[in-house]
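S.K.: The structure is given below, and queries will be raised subsequently.
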Amino acid sequence: SSPDTEGVSPELEKAGLLNKTKIAEGGRKLRKNWNPSWVVLVGNSLVFFKDPKSQNPDSWKPGNSRPESSVDLRGAQLQWADDLSSRKNVFKLRTITGNEFLLQSETESLIREWYRTIQNVIDRLVSL
Ligand code: I3P
């Protein structure tokens, strides 16, 4: 975990602000709607918050604020997806249930770090 989130919880891997759009639900294509999202990687899940007031590392704790949605990373797939957007630094997350999200940051190092950390969680879940 990064220094600013260390000590919050052994389960909390990472938290930060990314741009997000859902592009498919159960395999059915959706119209893009990019929005900033506070993204929290905790345990086996990627949790999304849209409330700007919830943008702190304690957000994910039960009862602190209500997530917009949550994604189970077991069996999920990541791929770089600069071909799916006019934006740069974009990757696609596909869940086992066929939901697809694009996540993006203007900062290349930041999006690379997210990709690496989420992929590590996915890989860890395969071997459980
Ligand atoms: C979409 C909007 C998205 C854009 C998308 C457009 O138009 O401009 O930002 O995705 O491109 O269709 P609308 O607002 O009318 O729905 P990117 O920003 O990721 O390029 P796309 O259709 O090529 O995915």
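The values are calculated or read from the model by the stated rules, or taken from the named source; none is laboratory data. All values derive from a computational prediction rather than experimental measurement. For the accessible areas, the whole protein counts, side chains as well, though only heavy atoms, and no ligand, DNA or RNA atoms are used. Shrake-Rupley method; radii C 1.70, N 1.55, O 1.52, S 1.80 Å.
S.K.: Send over a whole-number figure in Å² for the accessible area per residue of segment 79-128, probe 1.4 Å.
M.R.: Each residue of segment 79-128 exposes 55 Å² on average to a 1.4 Å probe.
S.K.: Mind checking which lysines have their Cα closer than 21 Å to the Cα of Lys50? Skip sequence neighbours fewer than 8 apart in that chain.
M.R.: Answer for Lys50, where 21 Å is the Cα cut-off: Lys14, Lys20, Lys22, Lys32, Lys61, Lys92, listed by chain and number.
S.K.: Given 0.36 nm per residue, what is the gain on full extension from Leu17 to Leu30 after removing their alpha carbon distance, in nm? Mind dumping the intermediate values first?
M.R.: Values: separation 13, 0.36 × 13 = 4.68 nm, distance 2.24 nm.
Result: 2.4 nm gained on full extension.
S.K.: Taking θ = phi - 60°, what integer Hz values does the Karplus form 6.51 cos²θ - 1.76 cosθ + 1.60 yield along segment 94-99, in sequence order, with x for Gly and Pro?
M.R.: Listing the rounded values in order: 10, 8, 5, 8, x, 8 Hz.
S.K.: Once amide H atoms are built 1.01 Å from N in the peptide plane, which residues 5 or more positions from Val90, or in another chain, come under 5 Å H to H?
M.R.: Long-range HN contacts for Val90: Ala81, Asp82.
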